Amino acid sequence: MSNANGTMNLTLKVWRQPNAQTAGKFETYKAENISPDMSFLEMLDVVNESIIHTKQDPIHFDHDCREGICGMCSLYINGRPHGPKRAITTCQLHMRSFTDGETITIEPWRAKAFPVIKDLAVDRSAFDRIQQAGGYISVNTGGVPDANEIPIPKVIADEAFNSATCIQCGACVAACKNASAMLFTSAKITQLALLPQGQPERYRRVQSMVAQMDAEGFGSCTNTGACEAECPKEITLTNIAHMNFDFFSAKLFREEEVHAENHGG
Amino acid sequence: MILDAKIPQGPLAEKWSKHKFNLKLVNPANKRKYNVIVVGTGLAGASAAASLAELGYNVTAFCFQDSPRRAHSIAAQGGINAAKNYRNDGDSVYRLFYDTIKGGDYRAREGNVYRLAEVSVNIIDQCVAQGVPFAREYGGLLDNRSFGGAQVSRTFYARGQTGQQLLLGAYSALNRQIHEGKVKMYTRTEMLDVVVVDGQAKGIVTRNLKTGEIETHAGHAVLLCTGGYSNVFYLSTNAAGSNVTAAWRAHKRGALFANPCYTQIHPTCIPVTGTHQSKLTLMSESLRNDGRVWAPKTVEVAQRLRKGEIRIEDVKEEDRDYFLERKYPSFGNLVPRDVASRNAKEMVDDGRGVGGSGIAVFLDFRDAIERLGEDAVKAKYGNLFDMYYQITDENPYKQPMRIYPAVHYTMGGLWVDYNLSTNVPGLYALGEANFSDHGANRLGASALMQGLADGYFVIPYTLGDYLATIGPKPVDTTHPAFAQTKKEVEAHVARLLALKGNKTTTEYHRELGHIMWEYCGMARTEEGLKKARVLIQELKDDFWKNAIVVGKNEEINNALERAGRVADFIELGALMVEDALHRRESCGGHFRLESQTEEGEALRHDDEYAYVAAWEFKGENQPEELHKEELVFENVKLTQRSYK
């Protein structure tokens, strides 16, 4: 909500940290004459422009598409990943969600597996490595069947789609008190496990992706559901249940099959 | 310089098959002796890197984002065309070819466009095999929707995020090759130059965006898959980081830049709200399937609306001008993008714009909601409606959207031949970074098609021919050209860091954007372009005197990154203006006010301008030299486009 001039004056408490090796601290900035129609990142742009004019080091944050799909922006705003509104990313958050005179606290994602690179940007390459461990269907380019030779019931396709909407932003990890990456990991596993194309590698995939997730130092899931509540794409906890089911199936009943796949080719 | 497009001889439908047969092959055991550098990991880059690695080549890939999955292809919404004819509605490879050539206002090569249409069907198969969750019907088969510039339904889609789903498919294929050790991936790394050894591209110079380290990388070939340059307008629908630097530096190393003035203005974007705006948001053209575009019939009604004296729902049916339906009865709201955009601009220029600024027209779903029900509309466009609501705080289920055109895509780019090779041997350009397939205007759902066609199905064949020709002799960075190019990059960075004036590079970027939008945007004139030429030169001089760049090289330094990109955009802007100035005709996205039909449509001059304008860099502050590649049309008859 804005003041009589239709603008807002805000105080920002921003986490500044030159790199992972140096301790960080909060710095205070004023954001003045902010239009409620600005996006949160545009508000930070305005602050940064004034910082540059004073020849100081601007606040570093990750961002790119600015329309909620690339997953590059992050920011822990007033104690919540991507700020106070549901089902959006920071770049889709607008200043009309705040009140004139408010103090806003801005922090990076905090998780052992996401070391700070600078200020508000963290290293999320652990997510890429989890995907590289098995988040794919092993087909080469060319030589595949006609697309309509693989009929998929609409409900299954829609459910797989819901899992596939993950933008790999890391809000689930940031929201979790254990810094668990199970919502993220399970989304890809579930998408591919639901589809007929994903069946041949289903049990091998779940094991290798979970193993990589553990190796990266993410915590375990204790079913508090904060990840689901904060996910900008509303990925559900059902995905974690699906992953656990497949993981235990692989361990208990399909060990031989998986073993043969891993070693026999 | 004679530009040889290397279009194969023979009938259109046989060109690609014959060409593939005639291309040299690299034997399987030799493939691992080659290193290929791929810059950019969007649809073109990720698909190329994965496909080449699958063949056995060693690939080194680069992106400036923190993950290859974030390249801006991710943001494409509407869909991807393919001539599958699953609807039995008369589609064919030839029809997709024809629609694309016509949509591009006859300024693309027949051979390239036909090949694009031909491989389009393979793309859908490939993506489905990867697990891309396209929309399906209850019978389990794939669904289609229609898009602008076509009268068949050939667009495959994945809700409103087709780009993300296709890119995640390509990213998964790329990940598999990273896992196999066939692709070495560098993230948060920006390419700053191409290394040319004895006339051939043999590597690149990069800057590590985390440490500032400037490094050289060698390869037998370099593939630029670095996207378009819409951000030259400052405000565009591109991602904040999208830039022209890789392509521009390649241009300055000898690669020709073709048709730079061909830019696409997308009709359905959310209008600008204020000077703070950092980007514009596009809403998929698919909205025009069910949304009806209108403006008040009279200036008086428009004024009353703008002042809030009347509400939108109070505007009577007879006071609404559904101008696209009125002017183009057969295509209606689904006319191509350039036509839809220009008409919206006409309404605004006429004083009939809506919204607080008066710079918008309506896109109305009232009738669709009445006809189909709110649930059906929600199922089709729900995420787009949410996005609109989020940004504007207005509920599109209750009141029409306000839309206005915004820069969205650039048809121009590095000149490439049929093999996707630039005129510098070993240097290739794929996807939006090249100029090749869309002529003067791109049809909706064709960008994803082209990016993936280039990466999955063209370059794996054509690159082999070049590699077989040069042989597998190892390459490394010991040639003095590497050290020399690196030195030049370091000098450029130092020059930027020495800028200690009082204006931020964002301020320069915004000014450049104003100039480009005003004089080289939706409508262009001789007089305006000449003015822009002067203004850009002044801006450039001022930039190198008064810009401020804080910080140092050996750290994360956004200000430095931005400065380099803005400096390149300024130079590109100047070239775009020259290109627009020399092309004294209207075609597609390039509309010269001096060249229009009596009905106000783009008037081409085929006898004079049926060529590709390819510009050669001749040195700093020197005029660029124009080379012409004549376009030969053997199959389609050049006609005045009509969508009436």
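Tell me which of A:Pro84, A:Gly101, A:Ala20 sits at the most positive position along the dipole axis of the stretch A:8-118, charges placed on C-beta atoms (Lys, Arg +1; Asp, Glu -1).
With unit charges placed on the Cβ atoms, the residue in question is A:Ala20.
Kindly provide the chymotrypsin sites (Phe, Trp or Tyr not before Pro) of the stretch B:449-529 that DSSP labels as loop, not H, G, I, E or B, and whose Cβ sees at most 16 other Cβ atoms within 10 Å.
none
Counting helices only, and only those DSSP H runs with n ≥ 4, report the 222 nm mean residue ellipticity of chain B as the sum of -39,500 (n - 2.57) divided by its residues, in deg cm²/dmol to the nearest 500.
-11500 deg cm²/dmol
Given the options A:Gly219, A:Gly24, A:Gly71, which has the most mean-square fluctuation in a GNM of chain A, springs set between C-alpha atoms less than 10 angstrom apart?
Of the options given, A:Gly24 has the highest mean-square fluctuation.
Using Cα pairs closer than 8 Å and at least 6 residues apart in sequence, work out the relative contact order for the stretch B:266-407, in percent.
Relative CO of the stretch B:266-407 lands at 34 percent.
Could you state the number of Å between the C-alpha centres of the stretch A:52-80 and the stretch B:86-149?
38
Pop a pseudo-label 7 angstrom from the Cα along the beta-carbon direction at both B:Val272 and B:Lys637 and give the gap in nm to one decimal.
4.4
Of B:Val339, A:Pro58, A:His242, which is farthest along the charge dipole of the protein assembly as shown in the positive direction, counting Lys and Arg as +1 and Asp and Glu as -1 at C-beta?
A:His242
If contacts are Cα pairs under 8 angstrom and at least 6 residues apart, what is the relative contact order of chain B in percent?
Across chain B, relative contact order equals 20 percent.
If r is the Cβ-Cβ distance from A:Asn78 to A:Phe245 and R0 is 30 Å, what FRET efficiency results, to the nearest 0.05?
For R0 = 30 Å, the calculated efficiency reads 0.25.
For the stretch B:404-419, take each phi angle, set θ = phi - 60°, evaluate the Karplus expression 6.51 cos²θ - 1.76 cosθ + 1.60, and give the result in whole Hz per residue in order, putting x for glycine and proline.
8, x, 9, 5, 9, 7, 10, 6, x, x, 5, 5, 9, 8, 4, 8
Can you give the % of DSSP beta bridges in the protein assembly as shown that are antiparallel, to the nearest 5?
Given both bridge residues lie in the protein assembly as shown, the antiparallel proportion sits at roughly 70 percent.
Could you give the distance between the Cα centres of the stretch A:145-213 and the stretch B:561-597, to the whole Å?
Between the Cα centres of the stretch A:145-213 and the stretch B:561-597 lies a distance of 44 Å.
Excluding B:Ile2 itself, calculate the net charge of residues whose Cβ lies under 14 Å from the Cβ of B:Ile2, where each Lys or Arg counts +1 and each Asp or Glu counts -1.
Cβ neighbours under 14 Å give a net charge of -4.
What translational diffusion coefficient, to the nearest whole µm²/s, does the stretch B:480-630 have by Stokes-Einstein, given a Kirkwood radius computed over alpha-carbon pairs, a temperature of 25 °C and 0.890 mPa s viscosity?
Result for D is 141 µm²/s.
Compute the signed sum of charges (Lys and Arg +1, Asp and Glu -1) over the other residues within less than 13 Å, Cβ to Cβ, of B:Ala53.
So the environment of B:Ala53 carries a net charge of +3.
Roughly what % of DSSP beta bridges within chain A run antiparallel, to the nearest 5?
Here the share of antiparallel DSSP bridges comes out near 75 percent.
Quote the charge dipole size of chain B about the Cα centre in Debye, to the nearest 20; the model charges only the Cβ of Lys and Arg (+1) and of Asp and Glu (-1).
Approximately 1240 debye in magnitude.
Give the order of A:Asp100, B:Asp417, B:Asp607, B:Asp99 when sorted by the count of other beta carbons within 10 angstrom, beginning with the fewest.
The fewest-first ordering by Cβ neighbours comes to B:Asp607, A:Asp100, B:Asp417, B:Asp99.
Any idea how far the Cα center of the stretch B:230-271 sits from the one of the stretch A:3-25, in Å?
One Cα centre to the other: 32 Å.
To the nearest whole number, what is the average tally of beta carbon atoms from other chains within 10 Å of the beta carbons of peptide A:53-62?
4
Compute the relative contact order of chain A as a whole-number percentage, counting only Cα pairs closer than 8 Å that sit 6 or more residues apart in sequence.
18
Give, as a single signed number, the net charge of other residues whose beta carbon lies under 15 Å from the beta carbon of A:Thr7, with Lys and Arg counted +1 and Asp and Glu -1.
Here the charged neighbours net out to -3.
Under a cut-off of 24 Å between alpha-carbon atoms, report the lysines in cross-link reach of B:Lys307, not counting same-chain residues fewer than 8 places apart.
Of all the lysines, those that pass the test against B:Lys307 - Cα under 24 Å, at least 8 places apart if same chain - are B:Lys297, B:Lys316, B:Lys345, B:Lys398.
If you filter the stretch B:567-601 for GluC sites (Glu not before Pro), then keep DSSP loop positions with at most 14 other Cβ within 10 Å, what is left?
Of the GluC sites (Glu not before Pro), the ones in loops of the stretch B:567-601 whose Cβ has at most 14 other Cβ atoms within 10 Å are B:Glu594, B:Glu598, B:Glu599.
Where is the GNM fluctuation largest for chain A (alpha-carbon springs, 10 angstrom cutoff): A:Ala23, A:Ala164, A:Ala111?
Comparing A:Ala23, A:Ala164, A:Ala111 in a Gaussian network model of chain A, the most mobile one is A:Ala23.
Would you list A:Met43, A:Met209 from fewest to most Cβ contacts within 10 Å?
Arranged by neighbour count, lowest to highest, A:Met43, A:Met209 become A:Met43, A:Met209.
Going by how many other beta carbons lie within 10 Å of each one, how would you line up B:Thr504, A:Thr54, B:Thr237, fewest first?
Starting with the residue having the fewest Cβ neighbours, the order is A:Thr54, B:Thr504, B:Thr237.
Here, each number is a calculation from the coordinates, and none is a lab measurement. Source: prediction; values computed, not measured. When we count neighbours, we look across all protein chains shown, and the Cβ atoms used for this are built from the backbone with ideal geometry, even at glycine.
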